[in-house]
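*Asks:* Please find one structure pasted underneath; my questions will follow.
The values are calculated or read from the model by the stated rules, or taken from the named source; none is laboratory data. This is a predicted model, so every value here is computed, not measured. Cβ: placed from backbone, ideal geometry, glycine included. Neighbour counts: every protein chain shown. Side chains included, ligands, DNA and RNA excluded: accessible areas come from the protein's heavy atoms. Shrake-Rupley method; radii C 1.70, N 1.55, O 1.52, S 1.80 Å.
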Amino acid sequence: MSLLDRVRDCARYDPKRYRPFLVGDDAVGEVSEDMASALAAHGDVFHVRADTVRLNDALADFESRTAAVADVLAAMRRAGHIPGWRDEPYPVAVGYTSPALFHMERAAVPLFGVRGYGVHLNGFVERPDGLHMWIGRRSLSKPTGPGLLDQVVAGGLPAGISIRDNLIKECGEEAGMPEALARTAYPVGTIAYRTDRPEGLRHDILFNYDIRLPEDFRPINTDGEVDEFMLMPIDEVTRTIADGRTFKFNAALVIIEFLVRRGLVAADDPDYVELVRGLHMP
């Protein structure tokens, strides 16, 4: 087991298993064979072909697309095909800064292989005995990764809120962090991956932040999404990631990027180049 194994865990993607999902001439996702078969029953909204799935071209604006897709997804939810419903609209677009073509329920995003976005916060404490990191254990009621380890704060990025505002909101909800402290978090870059998961094709970009936390800070969850917090020496965090799959898959990547950036993975490490490359998959 190694850090590289965790990166490889997030690179399980076979393009032959998917058909492009098109809105007009724009490819905005990828649909599996099973999902394409399910969508074929909704031919007034989705035109399923042997090599593509296309949103009906007659749905020519944001409002009509959003409404039509919402009706299909609601029917699929009633049939039990979309677990973990969140009631959170996510934008479907060609790129992050492109205007949304329509909005889609968060739980359905991986079923369409649509690019998703999130924000993760590495909360670290510099103590006399070395660097430590606050780690949260996800609630057993979470629809994805129940009971797995995660950043002190992490969340998806729904429509209608900026990255920074979303981070500050999540800091309050997940860790009981005062806003003044949360505003000291600073952006450190992104990671990207495309990987086949039980919930579908996760094709995500994560916006990563670091925050130096005072020694007397103790995170307190307020929204029921975290069962416990642990302040772990960074060497223990590294070993835990390398030794198994107790961390949520993308949380492990965020911490690996932190380790690389902080020089805790040496450039002479034989896995260094592949680690760095694997954190930024297209």
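*Asks:* Kindly list the number of the only condition in (1) under 18 Å from VAL114 (Cβ atoms); (2) in contact (Cβ under 8 Å) with a residue 40 or more places away in the chain that fails for MET1.
*Replies:* Result: MET1 fails condition (1) only.
*Asks:* Separate question: Can you find, within segment 174-198, the residue that is farthest from the chain's Cα centre (by Cα) among those that are open to solvent by less than 10 Å² (accessible area, probe 1.4 Å) and within 13 Å of GLY113 (Cα to Cα)?
*Replies:* THR195
So that you can scan it fast, the table gives a plain yes or no per residue for (1) open to solvent by 50 Å² or more (accessible area, probe 1.4 Å); (2) among the hydrophobic types (A, V, I, L, M, F, W, C); (3) free of Cβ contacts under 8 Å to residues at least 60 places away in the same chain:
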position	(1), (2), (3)
ASP44	yes, no, yes
HIS47	yes, no, yes
ASN56	no, no, yes
ARG65	no, no, yes
ASP71	yes, no, yes
HIS81	yes, no, yes
TYR90	no, no, no
ALA93	no, yes, no
SER98	no, no, yes
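*Asks:* Next question. Could you tell me whether LEU201 is open to solvent by less than 40 Å² (accessible area, probe 1.4 Å), among the aliphatic types (A, V, I, L, M) and either modelled with pLDDT under 95 or touching a Gly at 6+ places or on another chain (Cβ under 9 Å) (or both)? Steps first, answer last, please.
*Replies:* Details: open to solvent by less than 40 Å² (accessible area, probe 1.4 Å): yes; among the aliphatic types (A, V, I, L, M): yes; either modelled with pLDDT under 95 or touching a Gly at 6+ places or on another chain (Cβ under 9 Å) (or both): yes.
Criteria met by LEU201.
*Asks:* OK, next. For a quick check of your reading: which helices (runs of 4 or more DSSP H) sit entirely within segment 176-282 and have at least 3 residues that are in contact (Cβ under 8 Å) with a residue 12 or more places away in the chain? Spell out how you get there, then give the answer.
*Replies:* On the way: elements: 179-182, 234-243, 249-261, 272-278.
Because the criterion is at least 3 residues that are in contact (Cβ under 8 Å) with a residue 12 or more places away in the chain, the helices (runs of 4 or more DSSP H) in segment 176-282 that meet it are 234-243, 249-261, 272-278.
*Asks:* Scan segment 263-277 and tell me whether some residue there is surrounded by 13 or more Cβ atoms within 10 Å (Cβ to Cβ) and under 22 Å from THR184 (Cα atoms).
*Replies:* no
*Asks:* Working only within segment 150-170, note down all residues that are touching a Gly at 6+ places or on another chain (Cβ under 9 Å) and farther than 21 Å from LEU201 by Cα.
*Replies:* Filtering segment 150-170 for residues touching a Gly at 6+ places or on another chain (Cβ under 9 Å) gives 150-157, 166-167, 169-170.
Residues satisfying the conditions are GLN151, VAL152, VAL153, ASN166, LEU167, LYS169, GLU170.
*Asks:* Further question: Would you confirm, using the coordinates I've provided, whether THR222 is modelled with pLDDT under 95, polar (S, T, N, Q) and either open to solvent by 20 Å² or more (accessible area, probe 1.4 Å) or over 16 Å from VAL153 (Cα atoms) (or both)?
*Replies:* Numbers: modelled with pLDDT under 95: yes; polar (S, T, N, Q): yes; either open to solvent by 20 Å² or more (accessible area, probe 1.4 Å) or over 16 Å from VAL153 (Cα atoms) (or both): yes.
So THR222 passes the test.
*Asks:* Quick test for you: out of TRP85, TRP134, pick the one residue that is buried (at least 21 other Cβ atoms within 10 Å of the Cβ) and touching a strand residue (DSSP E or B) at 6+ places or on another chain (Cβ under 9 Å). Talk me through it step by step, then tell me what you get.
*Replies:* Values: TRP85 fails: buried (at least 21 other Cβ atoms within 10 Å of the Cβ).
Exactly one residue qualifies, and that residue is TRP134.
*Asks:* In segment 1-41, what residues are open to solvent by 40 Å² or more (accessible area, probe 1.4 Å) and farther than 30 Å from THR240 by Cα?
*Replies:* Selection gives PRO15, LYS16, ARG17, PRO20, ASP25, ASP26, ALA27, GLU33, ASP34, SER37, ALA40, ALA41.
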